[in-house]
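Following: one structure in structure tokens, then a few remarks.
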There are 2 protein chains.
Amino acid sequence: MSKSLTKRSEDYSKWYNELVVKADLAENSAVRGSMVIKPYGYAIWEKVQAQLDKRFKETGHQNAYFPLFVPKSLFEAEEKNAEGFAKECAIVTHYRLKTDPEDTSKLIVDPEAKLEEELIVRPTSEAIIWSTYKNWIQSYRDLPILINQWANVVRWEMRTRLFLRTAEFLWQEGHTAHATRQEAIEETVKMNNIYAEFAEEFMAIPVIKGRKSESEKFAGAEETYCIEALMQDGKALQAGTSHFLGQNFAKAFDVKFTNQEGKQELVWATSWGVSTRLMGALIMTHSDDKGLVLPPKLAPQQVVIVPIYRSNEQFEEVSKVAKEIQTKLQNAGISVKFDDRDTHKPGWKFAQYELQGVPLRIAIGPKDIENGTVELARRDTLTKEFVAQEELTIKIQNLLVEIQDSLFFKAKAFRDANITEVDTFDDFKKTLKNKGGFISAHWDGTTETEQKIKELTKATIRCIPENTKNELGKCVFTGAASQQRVLFAKAY
Amino acid sequence: MSKSLTKRSEDYSKWYNELVVKADLAENSAVRGSMVIKPYGYAIWEKVQAQLDKRFKETGHQNAYFPLFVPKSLFEAEEKNAEGFAKECAIVTHYRLKTDPEDTSKLIVDPEAKLEEELIVRPTSEAIIWSTYKNWIQSYRDLPILINQWANVVRWEMRTRLFLRTAEFLWQEGHTAHATRQEAIEETVKMNNIYAEFAEEFMAIPVIKGRKSESEKFAGAEETYCIEALMQDGKALQAGTSHFLGQNFAKAFDVKFTNQEGKQELVWATSWGVSTRLMGALIMTHSDDKGLVLPPKLAPQQVVIVPIYRSNEQFEEVSKVAKEIQTKLQNAGISVKFDDRDTHKPGWKFAQYELQGVPLRIAIGPKDIENGTVELARRDTLTKEFVAQEELTIKIQNLLVEIQDSLFFKAKAFRDANITEVDTFDDFKKTLKNKGGFISAHWDGTTETEQKIKELTKATIRCIPENTKNELGKCVFTGAASQQRVLFAKAY
């Protein structure tokens with residue numbers, strides 16, 4: 001398989017699809033809309049999981065596991081949530097196959113094994129979890145409940161794309177229960193902040209924190225907080241959401257507690273999640289025409305060593321030094337792969353690790369042994385230099401930090417350069433067409449205006465940003481009074 | 001809720017069910033046969049996962065993720081495997097709900113959203129994975145493939161019990177592909193050995209390694225290796241299995257590779273798994289009438305500190321020392337909870353931590369402060385002693401090792417005392433009735449005899465043990481010649 005990719009400038013979407021497959025991250029499966037996450041892609045996801053899990057636990061959350069299936073009667077209990085997911089859910093109706101009497105090599109659904117009540121494969125778990133919390137919560141002493149679940153969910157999307165939109169995906173979903181509105185809102189904001197910190201510090205993806213408009217919020221939520229990122233092609237991507245659910249699910253499932261004064265009250269809820277979609281954000285924030293570019297904190301291997309040799313003797317000589325370097329780096333806490341396969345040539349390996357985004361590549365040959373050097377290549381800048389072997393460990397430690405920072409600042413500079421303030425709808429349309437990115441504009445606050453702008457431009461309100469100045473102005477579409485700019489964009 | 005449990009001697013099964021629920025490990029859900037794994041139970045499962053995952057990676061395996069759904073045509077491709085699971089699988093037939101025209105508060109399955117091909121919720125993933133491997137394998141250079149998946153699976157069991165048999169459960173499933181029969185068999189045995197070491201060293205569960213008989217092996221396997229454990233009530237429990245799948249799945253999915261001589265060959269396969277069933281084995285190996293007993297290596301908290309006080313002043317004084325002890329222990333790598341809740345009395349806390357199997361409990365009150373001591377209680381033996389505060393860390397480090405070993409040796413002594421060699425069918429039946437446990441008996445090797453013994457006694461062949469002497473004898477049932485004893489038992 002050729003390692004070269006379609007250029008981003010030619011066809012960004014094609015570039016993305018090719019990169020995901022060629023870098024061995026994921027591929028389409030035999031199941032419509034479902035992907036196979038390949039070992040290299042999964043290794044990155046495991047790093048995401050480990051970091052998030054640590055942050056959840058440090059803030060007092062515990063993991064648990066709830067059923068995959070949601071009985072239809074529970075699914076429909078919270079009306080808005082049900083409405084939001086009804087059109088895209090996989091439904092289990094039978095529990096047995098039997099031999100096809102017309103062709104005994106085939107199986108057919110056994111019509112006698114029909115379920116009394118259909119089961120929905122969870123698109124999200126509020127319903128099943130709140131029907132459980134009902135039994136866990138009696139008194140204020142049982143609150144708060146701070147639970148997270150790592151799980152697969154299914155949403156029957158019609159147009160799917162690897163990582164970005166798949167029928168089945170992996171995610172985490174936090175579900176918390178609180179005694180007061182205030183505490184639940186604080187939890188919602190706290191988890192959105194954790195997502196933002198994680199995205200920026202670990203994935204090197206700059207994000208804007210904010211709230212969703214009425215029409216973009218989660219089905220069943222009172223308020224949805226989110227982090228929004230900007231991809232290289234000028235489209236936005238929602239990277240995580242945190243929902244203040246009010247008492248909606250407590251009402252739907254009759255979850256009440258006795259407060260300190262002995263009175264019965266409905267419980268307050270939050271839920272929050274990020275998914276394998278983050279892998280798409282990662283790719284479209286940092287990668288280039290040569291392939292993936294990985295921030296060192298997420299790279300399954302931070303350094304790869306490729307030996308250069310023409311004879312067995314040279315191979316032995318080079319390998320000895322390469323292994324010493326590997327050990328030194330590993331002792332310094334750096335993950336290093338020594339690729340000593342003789343089935344592939346150095347040039348093939350170079351291209352492979354560029355494609356897979358390994359942050360640093362060491363090449364070492366007989367000349368390097370003579371000179372006490374190695375050739376060190378940096379993936380993000382595609383620059384090379386010779387480095388003395390004795391200075392290598394410190395050099396690499398520093399470079400890994402530098403690359404992590406540099407990726408973030410480069411992405412942030414791009415993002416900031418692509419937030420455009422506009423004050424007329426004409427400029428709005430021109431900017432969207434010629435430049436893309438986030439458009440910062442006044443909006444009159446109505447769903448009607450938002451819908452009209454969407455119909456005319458395909459841009460939606462990505463968020464009402466958190467850190468923004470109050471500024472009196474006029475809605476870019478209707479001219480009605482507005483007190484704050486919001487961010488519009490076309491989005492993934 | 002009362003903390004006292006039914007005694008094991010009264011009703012073992014009832015004791016088990018009560019313990020699982022009261023110790024906050026798991027509970028039944030609103031979905032028939034599916035459980036909720038509660039945070040405390042899930043924390044233990046996370047320790048199991050982390051340890052196994054480490055061992056898999058150390059032996060060269062990588063994690064990946066394959067789809068939850070298996071299209072029916074793939075599901076039925078390997079005939080025996082399909083036959084084995086057809087009667088217990090959940091089937092997705094539709095992908096959309098719609099508003100019930102007769103009651104708009106309800107949803108019904110939209111008959112227009114019927115899938116062209118039904119999807120089976122994976123009961124195991126050989127089919128979906130081997131249909132994927134077909135595209136990954138062309139040459140001997142692509143082999144071996146050593147992949148593991150952590151996932152949920154669904155088997156529509158009619159009689160379910162928490163952890164032991166549930167419609168949905170969590171597990172890991174390894175799926176490897178090899179160039180030779182020999183290499184695949186070696187992998188199968190290696191993974192069974194890893195399960196055995198893990199069960200014994202980490203879970204303190206003694207296991208017998210062996211192979212399954214023809215009728216007990218995995219549907220689609222040529223040979224199933226297993227580890228078998230013995231529960232306190234004399235019933236066996238299959239704790240893990242590793243299957244040599246021969247070329248069955250390669251044939252079914254046409255997976256061939258070009259060998260070093262340039263010829264096409266079918267690929268050899270293995271699969272291996274352990275599940276949340278291990279939680280059941282853990283409980284029924286170590287626990288007692290007071291509740292769970294956890295090996296220190298698996299305990300979410302190894303030590304709990306309970307303060308004893310009658311006034312705020314005493315609480316302050318005791319807390320100060322308790323926190324110092326907590327810090328010291330944590331610095332020594334021990335996990336410690338300081339339960340300073342004022343909503344519960346010490347006696348309640350003692351019972352709670354006994355029920356939850358925390359290996360060591362420290363109680364500290366004003367008298368202890370005076371004397372420079374603490375009261376240290378050991379969960380497994382229910383013994384208590386006073387220990388000088390300055391000796392506490394070393395004492396506890398030693399005790400945690402001692403408890404881990406002691407639990408294993410106690411369980412092993414019980415297991416060994418409950419393997420009975422019998423040479424007549426009369427003794428077979430008597431032993432099974434009066435004593436239970438493993439019955440070591442000669443067997444003529446036929447499925448027919450095995451089935452008859454099962455019909456008459458409900459005992460099955462748990463395994464043909466690996467470490468056993470060749471011994472000529474006569475089948476306990478038919479009198480036909482036999483060269484080795486096998487282990488029979490009633491089983492979970």
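Dipole magnitude for region B:362-429: computed about the Cα centre from +1 point charges on Lys and Arg Cβ and -1 point charges on Asp and Glu Cβ, it is near 220 debye. For region B:303-399, the ratio of Cα radius of gyration to the globular rule of thumb 2.2 N^0.38 Å stands at 0.99. Counting every C-alpha pair in region B:419-489, the share spaced more than 15 angstrom apart comes to 45%.
Using the rule -39500 (n - 2.57) for each DSSP H run of four or more residues, divided by the residues of chain B, the 222 nm mean residue ellipticity is -11000 deg cm²/dmol.
Binning the C-alpha pair distances of region A:1-70 at 10 Å intervals from 0 yields a P(r) profile of 16, 29, 31, 17, 7 %, listed from the shortest bin outward.
Rounded to whole numbers, the Karplus 3J(HN,Hα) couplings from phi for region B:198-205 are 4, 4, 7, 6, 9, 8, 6, 9 Hz, using 6.51 cos²θ - 1.76 cosθ + 1.60 with θ = phi - 60°, and x at Gly and Pro.
Of all DSSP beta bridges located in chain A, what percent are antiparallel, nearest 5?
Working: 74 of 89 bridges.
Rounded to the nearest five, the antiparallel share is 85 percent.
Local charge sum around B:Y309 (other residues, Cβ-Cβ under 15 Å, Lys/Arg +1, Asp/Glu -1)? Let's see the in-between values first.
Values: positive: B:R310, B:K320, B:K323, B:R341, B:K345, B:K349, B:K367; negative: B:E313, B:E316, B:E317, B:D339, B:D340, B:D342, B:D368, B:E370, B:E375.
Local net charge: -2.
Here the gap between A:D427 and A:S139, fully extended at 0.36 nm per residue and compared with their Cα-Cα distance, gives a gain of 98.1 nm. Taking 0.36 nm per residue of sequence separation and removing the Cα-Cα distance, the A:K412/A:D342 pair yields an extension gain of 21.1 nm. From zero outward in steps of 20 Å, how is the percent of C-alpha pairs of the protein assembly as shown spread across the bins? Taking all Cα pairs of the protein assembly as shown, the binned fractions are 12, 39, 38, 11, 1 percent. Of the accessible area of chain A, computed with a 1.4 Å probe over protein heavy atoms only, carbon and sulfur atoms account for 47 percent. Neighbours of B:T160 by Cβ distance under 13 Å: Lys/Arg scored +1, Asp/Glu scored -1, total +2.
Placing pseudo-labels 7 Å out from each Cα toward the beta carbon at B:K263 and A:T59 gives an inter-label distance of 6.1 nm. Take A:L472: with every protein chain present and a 1.4 Å probe, its accessible area is about 150 Å².
Given +1 on the Cβ of Lys and Arg, -1 on the Cβ of Asp and Glu, and no further charges, what dipole in debye does region A:22-97 carry about its Cα centre, rounded to the nearest 20? Numbers along the way, then the final one.
On the way: 11 positive and 10 negative charges, 49 e Å.
The dipole magnitude comes to about 240 debye.
Considering all different alpha carbon pairs of chain B, the Kirkwood hydrodynamic radius works out to 25.3 Å.
What size of dipole, in debye to the nearest 20, comes out for region A:303-399 about its Cα centre when the only charges are +1 on Lys and Arg C-beta atoms and -1 on Asp and Glu C-beta atoms? Spell out each step's value before the answer.
On the way: 14 positive and 15 negative charges, 65 e Å.
With Lys and Arg at +1 and Asp and Glu at -1, about 320 debye.
Indicate, rounded to the nearest 5 percent, the antiparallel portion of the DSSP beta bridges found entirely in region A:231-389. The answer is about 70 percent antiparallel. Can you give me the angle between helix B:126-136 and the longest principal axis of chain B, using Cα atoms only, in degrees from 0 to 90, rounded to the nearest 10? With rounding to tens, the tilt is 70 degrees. The residues of chain B expose, per residue, 42 Å² of accessible area to a 1.4 Å probe. What translational D, rounded to a whole number of µm²/s, comes out for region B:196-235 from Stokes-Einstein when the hydrodynamic radius is the Kirkwood one over Cα pairs, at 37 °C and 0.692 mPa s? Translational diffusion coefficient: 288 µm²/s.
What does the average come to when, for each residue of peptide B:76-86, you count the partner chain Cβ atoms lying within 10 Å of its Cβ? Show your work: numbers first, answer last.
Details: counts 7, 1, 0, 2, 0, 0, 5, 3, 0, 1, 7.
Mean inter-chain Cβ contacts per residue within 10 Å come to 2.
What net charge is computed for the residues neighbouring A:D110, neighbours being all others with C-beta under 10 Å from the C-beta of A:D110, Lys and Arg scored +1, Asp and Glu -1?
Details: positive: A:R96, A:K98, A:K114, B:K87; negative: A:E112.
With Lys, Arg at +1 and Asp, Glu at -1, the net is +3.
With its label point defined 7 Å out from Cα along the Cα-to-Cβ axis, A:K263 lies at 8.5 nm from the matching points of the other copies, in increasing order. Label point of B:D11 (7 Å along Cα→beta-carbon): distances to the other copies' equivalent points are 6.8 nm, sorted ascending. Approximating the spin labels as points 7 Å out from Cα along Cα→Cβ, the A:V401-to-A:S105 distance works out to 6.5 nm. With axes computed from alpha carbons, what is the tilt in degrees of helix B:12-22 against the longest principal axis of chain B, rounded to the nearest 10 within 0 to 90? The answer is roughly 70 degrees. Put a dot 7 Å past the Cα of B:E448, heading toward its Cβ, do the same for B:E197, and the two dots end up 4.3 nm apart.
The values are calculated or read from the model by the stated rules, or taken from the named source; none is laboratory data. The structure presented is a predicted model; accordingly, all values stated were derived computationally and were not measured. Every residue, glycine among them, receives a Cβ derived from its backbone with ideal geometry; neighbour counts consider all protein chains shown. Each accessible area value is taken on the protein alone, full model and side chains, heavy atoms only, with ligands, DNA and RNA left out. Shrake-Rupley method; radii C 1.70, N 1.55, O 1.52, S 1.80 Å.
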